[in-house]
Amino acid sequence: GAEVVFSVDCTKLKEHFLPGKREFDRIYFNFPHCGRKAGVVKNRQLLAGFFHSCAEVLAQHGEVHVALCSGQGGTPADRPRREWHNSWQVVAVAAGAGFILSDVHPFEAETIDGYKCTGYRSQDKSFCVEGALNHIFTRSTAPLCFTPMSCQTQLGGQKVSFQVPEILVDKINRGFLDVNSSHPVRTIKEKLSAGLSQAFPLHNVSSCLPLLHQGHPSGVRHSNIFWITLSPGEAPGPEKMSQGVADAVLCPHFGQDADENVQEGCPVPEQFHLRPSLLPHAQAIIRKGAFSPGTLQVLSGPVFRKCRITPHSMPAFHEMLLVLAVSRGTENSCIQMLVDNIKATVNSLHQGISGVKPSVSLQEAACFGAELSDFAAFERQLGEIQHFLCVGTDPDPPGSCVGVIRAAPGELKSRELVVVSASLNLDLLAMLLCGISDWRMLWTWDRRFLGHFPEGELRLFKSFSLYPPSYVHDVSFWLPDGEDFDEVAFHTLARRVSGETVVSIQLRDDFQQPGTGRRSLCYRVTFQSCDRALGCREAAEMQLHLREEIQQHLGVTLR
C-alpha cells in the first residue's frame, strides 16, 4: 500500500510531492553519501541541503532519521569517535536548518524486515554497518526575538512603569510558582513547605512582593545590580515606597534597555533596582512586627542578579526565604531543627527520583574560602552568614551550595527574641535533584521540558537536545588608560547579545605593552544552546555583534 517515488533529489523534497502530501511524520535517510570518493566537506554539504529540504516537508512534531557509519556523525555516541574536523558534524549541520538531535541508538539492520545493505562502490556488495548509529532529529523552537518590554506597577498608590532589562524579558512574570504550575521549582517549594509544616507553624506571605527596591543595597557591589530608571516624573517619594506594591504587569514598549544606559560605577537617578533578594521584604515584616514568634514565615519569588557566566550562575532564580523569631539562646537548636527538616525532605525527594541518597550538609561559613559560587558570594554581600547548606553527591562545596543560614540578633527590638533565616535557591535544588546540567533549561520555552514533569511529578531529566554543538571565538581589546575592567558588565553584555547562548568566557591573555603600559585582554567566548538549534553562522553573527557592543558600551578598543 505504499507509494514509491523514484529519482528524488533529497535536497529538493518539496518539488517531488504535492502540497497535500508534504506533512511527513518521519523521513529516513540511511547512509547518505555523495558517491565515489567524496570527502567529508561534500557530504556535509549534502546533509545541509537535505536538512533544509526536510524543514519544508516535515510535520511539526515529525522526526528525521539519519543512519551513519561508525565515526561519521562526530558525536560522543560514536565509538570510536573521530576528530571533529574529520567527521560529518551531523548535529551542527542539522542545527543550521533548525533541527536538534533528540535521540541516537545503534542501527540494527537485522531488525528491519527485508532490509539489505548494498551499493558499495556501485557493486552488489554490502558495506560495513558495524557500529553504525541512527540519529533522530526533531524540530527546534525558533530563536526568540523578544520585543522590549515595559513593566507597570503600583508604588504607593501611583502607577509607574519601567523598562525591563533585555536579558530578563523572558524571565519576568513566567509564573513558575503559580498554583497551576507543574514546573519543578514549584514542586520542590511545595514539598519543602509540606515538610517544614510538620515541625513549625507555617505562614505563607501571600501579599504581592514588589519587584523594585529603592536605594543601594548595603554591602552589594554596584555592578551586581540591575538598575532601573523609572519613566520621567513617575518616581514616588520614599514615604510612598513603604506603602506596598501591586503585581507587575508587562506591556509592549519600544526603546533602549534602561539598565544599559547606566555607566558602571556612576550614580543612578532615583536609585531603583530589581530586587536581588527577598531579604529586605523579610526585614520589613520584622520591623512592622507583623509575625508571631515561633511561626515560620515563608516568602518566595524570582530575584535578579548580574553575575558571571558559569554553569551554576544565573541572572534570575527563584528564592525561598524562611524567617523565624525564636527565644534568645535557642537559635542554634532551631537552626539545627530547620536544617534537619530540609535535609529529610531533600533526601526523600532525591531517593524518590534517582534511588541515590545525596549528601546534605551544613558547612560553617568560616570553612568556605575564596572558592565560592556566585550565589554564595552574593549572599555573603547581603550580610553575615553562619552556615552554607550544600546538597549533592559531590563534596565540592562551591558547586553544591543551595542555601545560606543566618541568625540576626539585632533585627528585633527585643532582648528575648532572635531572628533566624534560611535562603534557598530553588533553581539550584531542581538542577541537583532532577539531574539538570544547565540552568537555562529551567527557563526554556520548549514544551518538552514541562512535559517531562507531568502534574508536577519530579523525575530525572532526559534532555531532548543531545550533544549540542559549540562554537569558539576569541576577542581581544585594549582597555581605556588607567581604568579597571568590569568582567561582570562584560558577561552581562554577552548574555544580552547572545540571548543566553554564551556558556563560557575564559581569559586567555592579559598583556601589557612595554613602553606605553597599555593593557590588552583576550577572551575565549564559547557559544552553545542547551535547548534549541544553534548553527555556526548564527554564532558567528552573534560574535560580530558582541564585538560591536563591547566597543560601544564598555569603552574598549578592539584589536
For Asp170, the accessible surface traced by a 1.4 Å probe with all protein chains present amounts, in square angstrom to the nearest 10, to 20 Å²
For the range 409-511, shape from the Cα gyration tensor axes a ≥ b ≥ c, cut at a/c of 1.5 then a/b versus b/c, turns out oblate
Expressed in square angstrom to the nearest 10, the accessible area of Tyr115 with a 1.4 Å probe stands at 70 Å²
Highest mean packing first, using Cβ neighbours within 10 angstrom, the peptides 491-500, 80-89, 136-145 sort as 491-500, 136-145, 80-89
Between the alpha carbon centres of the range 77-94 and the range 527-544 the gap in Å comes to 18 Å
Judged on accessible area alone, 1.4 Å probe, highest first, Glu487, Glu319, Glu455, Glu541 line up as Glu455, Glu541, Glu487, Glu319
Expected sort for 44-53, 58-67, 418-427 on mean C-beta neighbours within 10 Å, highest first, is 418-427, 44-53, 58-67
For Asp427, the net charge from surrounding residues (Cβ-Cβ under 13 Å; K, R +1; D, E -1) works out to +3
Taking 475-483, 343-351 and ranking on average Cβ neighbours within 10 Å, highest first, one gets 343-351, 475-483
Classified through the alpha carbon gyration tensor (a ≥ b ≥ c as square roots of its eigenvalues; rounded if a/c is under 1.5, else prolate when a/b is larger than b/c, else oblate), the range 1-104 comes out prolate
Quick shape check on the range 501-559: root eigenvalues a ≥ b ≥ c of the Cα gyration tensor, a/c under 1.5 is rounded, otherwise prolate if a/b tops b/c, else oblate, and it reads prolate
Ordering Arg447, Arg221 by the accessible surface of their heavy atoms, 1.4 Å probe, largest first, yields Arg447, Arg221
Rounded to the nearest 10 Å², the accessible area of His16 using a 1.4 Å probe with every protein chain kept is 60 Å²
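The values are calculated or read from the model by the stated rules, or taken from the named source; none is laboratory data. Since this is a predicted model, take the numbers as computed values, not measurements. FYI the Cβ positions are ideal-geometry reconstructions off the backbone, even for glycines, and counts take in every protein chain you see. Note: areas computed on protein heavy atoms with side chains; ligands, DNA, RNA excluded. Shrake-Rupley method; radii C 1.70, N 1.55, O 1.52, S 1.80 Å.
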